[in-house]
Every structure is written in structure tokens, then in C-alpha cells.
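First comes the structure, then the notes that go with it.
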Amino acid sequence: MIVAALALTASLGLGWAMLIRWAARDGRAYGIATPLLFGALLLWCWEVVCIGFGVPRVLLPAPTEIARAFATHLPMLWADFVQTVVRAVLPGYALGCAAGYLAAIALDRSLFLRRGVLPLAGLLGAMPIVGIAPIMVMWFGFDWPSKAAVAAVMTFFPMLVNTVAGLSGTGAIERDLMRSYGASYWQTLVKLRLPAALPFVFNALKLNFTLALIGAIVAEYFGTPIVGMGFRISTEAARLDLDVVWAEVALAAITGSACFAALALLERVVLFWHPSVQKFALSGR
Amino acid sequence: MIRGAARRAAPIVVVLLGLVGMWYAAALALDLRAGQALAGSGASPQALIAAAWSLERPLLPAPHQVAQAVWSGLFGEPLGSARSLLYHAGVTALTAALGFALALVFGIALAVSIVHVRTLDRSLMPWVVASQTVPVLAIAPMVVVVLGNIGLTGVLPKALIAGWLSFFPITTAMVTGLRSPDRMQFDLMRTYSASGRDIFAKLRWPASMAFLFAGVKVAATLAVVGAIVAELPTGAQAGLGARLLAGSYYGQTLQIWAALIAAALLTLLAVGAADCAQRVLVARRGGRL
């Protein structure tokens, strides 16, 4: 007990002193290393507290226990991942985003419709849409289609609102230039306005992945076959196997941030010509 | 003024009417078979449609059925009754409000320390941003179970989940807001030889309010979502989430839809309250935020 307290204070003091020194420096390496050190310090203190003070496993398993659970339950985690992410989230996400994108392009032709739909879409987007999960489970059954449907509905509105905002974002000068070229509506749309809307679209894509993941996981609380991340989390929590729950949460976190990072990378590759990315590249951060 | 409002409202009304029409059509399409069974084989088309739109457990209830269920749930039951939607909405609202209050206090405190302590800014802020990509709601069942183990039950675990969810928009908005004054304004404060506390109270804090309220509106919605989802794994007896779950178990579609509409109304109320608070503040500060 005393040893643990000593170890904790020592590592906290040492780690914090190091953090202060690193945080005072500029440069890209320190910008990445400082938060990593902070995360490592947090994990280390978590471990020390759990082992040293004998925190019961039903309260908080130590990080090493979680890592062990992750390693031993790898096949099960993979099955849950396939069920929730590959079967439910990805199709739902793709469907919702594509529908939102196409609906935005359709709305673009009519100012009247846009004025009618946008306020409603904004309103609906701010609603607790996860609540439709029980209805979707009733319509599409316990398996992945109902989860994909929830994810699709949740991703639809942000994509719609963002794409419409992006499409109206081109300046008068650019549009005048297209008109002076004698470009038709569709040519202007494809060559000028859709590319110009891409930053907004990517914003929605990044935001939507987390939403889709949340939608699918929460929908599993309403009924599932006996596989899936949401199912596993709720049943293992009820059985007090918290190390498995934490492993599953870690999997969800890794999935969410990995997809976010992948989308951010894709954005930089696709939007290499855009000022926001160019500034990014020039400043080196 | 009035004509402008009418011109703005007209498209919304038209689209709404269109949506309601589509809803009726969809309800008819989905419930026709069950309606046929109810009305008998020799029924006239009108009777068939009427039957399809008034089923007890429709696949998709017609709008007027949902409105009726919401109305009777809100006002047709005694307040203490387990079927009163007002009671369930009140339970959820209490959870959400408590969680939101926690999030407001901790979010602002964290933002203030992030802005003032460079070490925290460099080490913690990236994690706050990255945590947005994590499906936080996934931890809800665990939080409830763990806190139940150490004897914390009732409203607090649910409020913690609601608070955890609404914590991030407040923090990020507040950090941006506290940093929003530009260089010249800080320099001006320095020429007045203002202390750090003065700079905070007279420049940073007032400047952050517009950002805070933008974050607060997002957070208010998330607090309601968090409160509803937190009610799912607790097997809670009361609350809109419990209504959703019970309706899902027993196939009571009308109950699900009514709870859903009540949740939407609650969200509107929460965002409206945030908007009112903002207006009051604007009025007190002489028309600016």
C-alpha cells in the first residue's frame, strides 16, 4: 500500500515535470510526443492504482488485464467487429451518406424546396435519432439490417445539411467565370461546385462515422443475435466481466479513431489543391 | 415583416404537409394487410383505409395516431401513473439537466485550465479532440454497472453518462471562446496594466460567451440523448428510454413513437431554454454577445 502510494507520487511528479518541459517546447515532434506521454502517464497511474491498491476487478480492471482480455478474446472480438462494423456500420454509413449527398444535389435545383427542407433537416438532425432504434429493430429484425438502418438515418441529416452548405459556398466570381465559359448547370456542378463542396462533405464524413458507430451499438441494446459489440458490452457488463467490456470499448475507440484518421488522410490526398490543405502543408503542421 | 415571415414559413409548411402525406401513404402501405384482417374481406376501400390507420399495434402508426398517443400520454393520465408520458419525460429531463449541469461546471473549469496551463493545453487538449471520434455511448452499460457496484444507483450514474457526453462540446467551445480575443485586445489590456484576473474577467470571459452558447446548444441535445441511452442498460422502470425499451419488448409501436416524439419535444425544450438564457444575457449586456 505504502509502496504503491510512493510509486504513484513519484511517477506523477516525474511525469508531470517531464510534461512541463516537453510542453514548453515548440516543434512538431513535441506536439505529438507530449500528448502521447500524457496518455502513457495516465495508463501507468491507472495500472499502479489498480495493482497497488488492490482495486477489485469488478470496479476497474488494470490496463494489463484489459490487454490480456483483448489478446485472449481476439476471435470473439473479431466476430463482434465483423457483425457490428463490417455488416452494420459500413453499409449504413455508406447508404446514409450517399442518400444525404444525392438529396442535397436534388435540393440544389429548387430554392423553394431548400428553404422548406433545410430548417426541418437541421431540426431533425438535432433530435435524439438513436431513439428510432426499437422501430428499426421491429421493421428489419434482430440482425444487422436494423442496425444499418439506424446508422443510415443518423448519417443522412448531417451529410444533407453539410453538402447543401458546401454547394452554396462557391463565390460569385467563380460562377461568373463558368458562365462566361458557357458552362451548363451540370458542367458547373461537376467541375466547380461539387469539388468546392468537398471540404464540407469530408467534415460530414468524419463526423458521421462516429454517429454510425454509436447508432449501431445502441441499436444492439434493443435486440441482437448473440454477436456484436453492443451486445457484448451489455451482456459482459451484466456478468461483471469488465475486462472484456473494456477490451470491447477499446476496440470501438480504435475503430472510431482509425476511421477518422483514414478519412482525414484521404481528405488531404483528395483535397491537395484546396487552400485549407495547402496552408496545412506549407506550415508543416 | 409579417410578409417576410410568411414567405419564409411557406416552404416549410409545404414540405411538412408533403411529409405528413408521405407518412400517411407509407402507413397505409405497411399496415394494409393487418387492416384487411381487421376490417374483414368484404369491406369497402374506405373502411379498409380507416382500419389500416387505426390499428392497435401498427407497423407504422399514422400521424394522427401518434399525435393522439402523445396527447393522451402527456395530458390524459394522472401524473403519478406509470403510463403518464409527462412523468417519464420528467425523469429523463431531470437526469439530463443534472448531467448537463455537471458538464457545464467541469467543462468550463477544464477549458479555463487548458487555456491557462500550457502543459495541459499541449498534453490534454489533443485527447479531448480525439475523444470525439470514440463512441462514448458504448461505455454507458459499464458505467451503470460499476457505479451500481459501489452503491451508486438511481439518477447519478445516468446523469454521469449524460454529462460525459455533453462535456466535450462545452469544453471545446469554451477553449475556442477564451482564445477568441485578438492580439490587439490583449495588448490594450496590458497597456491598462490589467492583472491576469482582470484580463480573464473583463476580456476572455465576456468574449467566450458567444462560443459557450453554441456549445451549450449542442450539449443540451447530447445530454438528452445520453440520459435516454443511459436508461436502456439499467433496466430502468422510468424514463423515456425505459418507455422505448418496454415498447420494443412488447411490440407497442404507439408507445415507442410517443416516447420518441416526447424525446424530440424535450430536446426542443432544452435547446429553447439555452436560447432563452442566451437572449437574457444579450439583453443584459446591451444587445451584444
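Every number in this text was worked out from the coordinates using simple rules, so none of it is lab data. Predicted, not measured: the structure shown is a model, and the values here were computed from it. Ideal geometry is used to build each Cβ from the backbone, glycine not excepted, and the neighbour counts take in all protein chains shown.
Across the stretch B:224-257, the number of residues qualifying as in a helix (DSSP H, G or I), facing chain A (nearest Cβ under 10 Å) and aliphatic (A, V, I, L, M) comes to 10. Among the helices (runs of 4 or more DSSP H) confined to the stretch B:91-209, the ones with at least 1 residues that are within 14 Å of chain A (Cβ to nearest Cβ) and crowded, with 17+ Cβ neighbours inside 10 Å are located at B:118-123, B:125-130, B:140-149, B:155-178.
Please determine, by comparing only the residues of the stretch A:207-229 that are assigned to a helix (DSSP H, G or I) and free of Cβ contacts under 8 Å to residues at least 60 places away in the same chain, which one is farthest from residue A:169 (Cα to Cα).
By that ranking, first place goes to A:210.
Here is a yes/no grid of residues against (1) touching an Asp or Glu at 6+ places or on another chain (Cβ under 9 Å); (2) over 19 Å from residue B:94 (Cβ atoms); (3) surrounded by fewer than 24 Cβ atoms within 10 Å (Cβ to Cβ); (4) of a type outside the set (Val, Ile, Thr):
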{"residue": "B:237", "(1), (2), (3), (4)": "no, no, yes, yes"}
{"residue": "B:242", "(1), (2), (3), (4)": "yes, no, yes, yes"}
{"residue": "B:249", "(1), (2), (3), (4)": "no, yes, yes, yes"}
{"residue": "B:254", "(1), (2), (3), (4)": "yes, yes, yes, yes"}
{"residue": "B:259", "(1), (2), (3), (4)": "no, no, no, yes"}
{"residue": "B:265", "(1), (2), (3), (4)": "no, no, yes, yes"}
{"residue": "B:268", "(1), (2), (3), (4)": "no, no, yes, yes"}
{"residue": "B:274", "(1), (2), (3), (4)": "no, no, yes, yes"}
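The residues on offer are A:216, A:204, and the sole one that is farther than 24 Å from residue B:147 by Cβ and either touching a Lys or Arg at 6+ places or on another chain (Cβ under 6 Å) or at the interface with chain B (Cβ under 9 Å from one of its Cβ atoms) (or both) is A:216. Taken over the stretch A:152-174, the residue count meeting the criterion of being surrounded by fewer than 15 Cβ atoms within 10 Å (Cβ to Cβ) and either in contact with a Lys or Arg (Cβ under 7 Å, 6 or more places away or on another chain) or part of a helix (DSSP H, G or I) (or both) is 3.
Can residue A:29 be described as away from chain B (no Cβ under 14 Å), surrounded by fewer than 12 Cβ atoms within 10 Å (Cβ to Cβ) and over 21 Å from residue A:60 (Cβ atoms)?
Details: away from chain B (no Cβ under 14 Å): no; surrounded by fewer than 12 Cβ atoms within 10 Å (Cβ to Cβ): yes; over 21 Å from residue A:60 (Cβ atoms): yes.
Judged against the criteria, residue A:29 is not a match.
Among the residues of the stretch A:219-249, just one is among the polar types (S, T, N, Q) and at the interface with another protein chain (Cβ under 7 Å from one of its Cβ atoms), namely A:234. The helices (runs of 4 or more DSSP H) located wholly in the stretch A:51-140 that include 1 or more residues which are at the interface with chain B (Cβ under 8 Å from one of its Cβ atoms) occupy A:111-125, A:133-140.
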